Amino acid sequence: MKYLNVLAIALLLFISDIYAQKVEKITAKSGLHYITTSINYTVTGTYLIAGELEPIVQLNSDGTGIFQLHDLSKTNMDWGIECFEDGTPKYQKGFNYAVYSLYYKSKGDNDAQWTYAHFSIHFEKKKMFISGDRSKNYADSPEKLTN
């Protein structure tokens, strides 16, 4: 009987670790923040300026990607969306949009600073924007903002 109890507890711990929100503590110029790569929408993908192939922002599901500024080369980066310590995303919801804080830094550079970028979701247009000019389309998912 004790064996079954230990097995059940181990299984619960394993399952909770699988579904746990991955949260990272970072320090930016504005202070201490927590970030995650998972919010209620699929934010991964390539963000482009309308009608252009570059500059791009590429967000990968593992928290890596590419950030390219105008007229500069592509830079590998780590990224995350600001959240609370428990992994719940921080955002401001408007009538038909939500605004998040995206943080990124150069990958592999231990001295790199985390940099803020504006991230917004516009529900009527079905678009997500980074820094106001780079966007990607999205489709509604079963997971929606509930607040």
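The values are calculated or read from the model by the stated rules, or taken from the named source; none is laboratory data. Just so it is clear, the structure is predicted and the values come from calculations on it, not from any experiment. Counting neighbours? That spans all protein chains shown, and the Cβs are built from the backbone with ideal geometry, glycine included. Note: accessible area is taken over every heavy atom of the protein model, side chains too, but ligands, DNA and RNA are not part of it. Shrake-Rupley method; radii C 1.70, N 1.55, O 1.52, S 1.80 Å.
General remarks:
- Per residue value of the accessible surface for region 49-147 (all protein chains in place, 1.4 Å probe), Å²: 59
- Protection proxy ranking, peptides 114-121, 92-99, average beta carbon neighbours within 10 Å, highest first: 114-121, 92-99
- Take 104-110, 129-135, 50-56 and order them by the average number of nearby Cβ atoms within 10 Å per residue, most first; the result is 129-135, 104-110, 50-56.
- For region 47-147, the gyration tensor built on C-alpha atoms gives an oblate shape. Its axis ratio a/c (a ≥ b ≥ c) is at least 1.5, and a/b is not larger than b/c.
- Accessible surface of region 74-147, 1.4 Å probe, proportion on carbon and sulfur as whole %: 45
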